[in-house]
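These notes concern the structure reproduced below.
The values are calculated or read from the model by the stated rules, or taken from the named source; none is laboratory data. It should be emphasised that the depicted structure is a prediction, and the values quoted were computed from it without experimental measurement. We place every Cβ from the backbone using ideal geometry, glycine too, and count neighbours over all the protein chains shown.
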Amino acid sequence: MSTIACFFGKIHGGKQYPSNIHTKAGTALTVLLWLQAVEGLYLRSKPERGLESRIGRVVRVCHRNMGLLMVLLTWCQIINGFLTSQNFCGTIYVSNCVLNAVFGLAFIVQAVFWLIWMQPPGAAWLKRTGCSADFYDSAHLLVWEL
């Protein structure tokens with residue numbers, strides 16, 4: 001769907017937006033998506049012997065890392081799409097777009113980290129230290145903002 005959306009966004013003939021970070025990132029994400037698909041098809045062929053097994057290991061690592069990278073870049077693309085539609089992302093304000101994407105991503109990563117950490121091992125650690133989870137969350141935000 002994203003490839004079709006990128007294609008139709010360029011040829012529809014309707015309102016033409018100036019070149020911005022959202023359009024440039026969309027093209028890069030489409031290329032990454034197709035590379036990810038090609039790597040997945042190669043891994044699906046089960047390269048298990050000789051030189052193919054060595055290449056397969058490298059492709060497997062690249063495929064995994066590219067999949068993780070796609071999640072992060074897609075988040076940035078969604079945020080930048082919203083900012084572009086609101087005319088916040090002109091040529092002057094590209095740094096504003098990037099900053100919003102980075103901060104949004106940082107807060108999501110922080111939430112996932114604390115969610116994992118506050119499971120049983122983290123809860124036992126909190127009892128031993130005598131501090132609440134809110135204290136550590138606030139301290140983490142303080143360090144992040146400095």
Spot the failing condition for VAL94; the list is (1) surrounded by 13 or more Cβ atoms within 10 Å (Cβ to Cβ); (2) at pLDDT 75 or above, and only one is missed. (2)
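Hey, among ARG60, ARG44, which residue is under 25 Å from ILE4 (Cα atoms) and modelled with pLDDT of 85 or more? Lay out the reasoning, then the answer.
Working: ARG60 fails: under 25 Å from ILE4 (Cα atoms).
None of the others qualify; the one that does is ARG44.
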Contact list, first residue from the stretch 54-82 and under 26 Å from ASN20 (Cβ atoms) and among the β-branched types (Val, Ile, Thr), second anywhere and modelled with pLDDT of 85 or more and surrounded by 12 or more Cβ atoms within 10 Å (Cβ to Cβ), beta-carbon distance below 9 Å, six or more apart or interchain, is THR74/LEU29
